[in-house]
Amino acid sequence: MKITRRIVVLLALLLMATAAMAEEKRWVSSEGTTLKSEASATSDTVVDVVVGTEVTVVESGGRWLKVRTAAGKEGWVYAGRVSDAAPAGEVSGSDGGLFGDSMQKSQINTAKADSARSIRGLSPETAQYAKNRGTPEVIKKSLDGVLQRKVTAKELKAFLQEGKIGEYAQVQGGKK
């Protein structure tokens, strides 16, 4: 009888250890991410989480994941707002860069060359090509206007809600 009890206890401990090792880690990859009380973009916010925050997946509900932060906060997050890859490292410097001071709060390493290219517009080679091809000035000005356009977090959220995109998409077949 004592041997059977010991085997049961040992198996229970083994199962708990296996479950602990199987915890899946994810990292927040989108600005403005919040943990929700339910698997719905319109449910109450439990807590705001910054880019680079490590979370543990507690439950998977299709497009939504129930996660726990290191601080013990639990909630649902849209799967598209997290990554299964850890951030490369901390952002350094205090110049604000492309994303201003908000990126200084995150742990994501932004390649300065790539981010600078994305806001500079055409590379010197591309600009020379456009010049050689005789690209009209009106097209250059139009491109400059597009590159200068900034989309606020509020505008992005409204666009996603109106288009029923991402976490605002309608659920098909009852899946979360």
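The values are calculated or read from the model by the stated rules, or taken from the named source; none is laboratory data. Remember, predicted model here, so these are calculated numbers, not experimental data. Counting neighbours? That spans all protein chains shown, and the Cβs are built from the backbone with ideal geometry, glycine included.
Search segment 129-150 for residues being among the β-branched types (Val, Ile, Thr) and part of a helix (DSSP H, G or I), and hand back the single one that is farthest from the chain's Cα centre (by Cα).
In the first step, residues of segment 129-150 are kept if they are among the β-branched types (Val, Ile, Thr); the result is 135, 138-139, 146.
Now restrict to residues that are part of a helix (DSSP H, G or I): 138-139, 146.
Working: VAL138: 37, ILE139: 34, VAL146: 25 Å.
This residue is VAL138.
Have a look at GLY52, GLY80 and point out the one that is in a helix (DSSP H, G or I), modelled with pLDDT under 95 and surrounded by 12 or more Cβ atoms within 10 Å (Cβ to Cβ).
Working: GLY52 fails: in a helix (DSSP H, G or I).
GLY80 is the lone residue from the list that is in a helix (DSSP H, G or I), modelled with pLDDT under 95 and surrounded by 12 or more Cβ atoms within 10 Å (Cβ to Cβ).
Sub-6 Å Cβ pairs linking a first residue in segment 77-98 that is within 27 Å of ALA169 (Cβ to Cβ) and aromatic (Phe, Trp, Tyr) to a second residue that is crowded, with 20+ Cβ neighbours inside 10 Å and at pLDDT below 90, at least 6 apart or interchain, are TYR78/GLU167, ordered by first then second residue. The C-beta contact set for segment 137-159 (first residue within 17 Å of THR126 (Cβ to Cβ), second residue surrounded by 10 or more Cβ atoms within 10 Å (Cβ to Cβ) and of a type in the set (A, V, I, L, M), distance under 8 angstrom, 6+ apart or interchain) comprises LYS140/ALA130; LEU143/LEU122; LEU147/ILE119.
Just wondering, is there one or more residues in segment 148-165 that are polar (S, T, N, Q), modelled with pLDDT of 50 or more, exposed (fewer than 13 other Cβ atoms within 10 Å of the Cβ) and closer than 30 Å to LEU65 by Cα? Steps first, please.
Residues of segment 148-165 polar (S, T, N, Q): 148, 152, 161.
With modelled with pLDDT of 50 or more added as a condition, the list becomes 148, 152, 161.
Then drop every residue that is not exposed (fewer than 13 other Cβ atoms within 10 Å of the Cβ), which leaves 148, 152.
Next, from what is left, pick out any that are closer than 30 Å to LEU65 by Cα: 152.
Yes, that holds for at least one residue.
With respect to (1) surrounded by fewer than 17 Cβ atoms within 10 Å (Cβ to Cβ); (2) modelled with pLDDT under 50; (3) not aromatic (Phe, Trp, Tyr), the lone exception for GLN107 is condition (1).
Scan segment 40-87 for residues that are over 16 Å from the mean Cα position of the chain (by Cα) and within 22 Å of ILE165 (Cβ to Cβ) and the total you get is 8. Report yes if LYS176 is closer than 25 Å to SER43 by Cα, surrounded by 15 or more Cβ atoms within 10 Å (Cβ to Cβ), of a type outside the set (Val, Ile, Thr) and modelled with pLDDT under 80, otherwise no. Considered against the rule, which asks whether it is closer than 25 Å to SER43 by Cα, surrounded by 15 or more Cβ atoms within 10 Å (Cβ to Cβ), of a type outside the set (Val, Ile, Thr) and modelled with pLDDT under 80, LYS176 comes out as yes.
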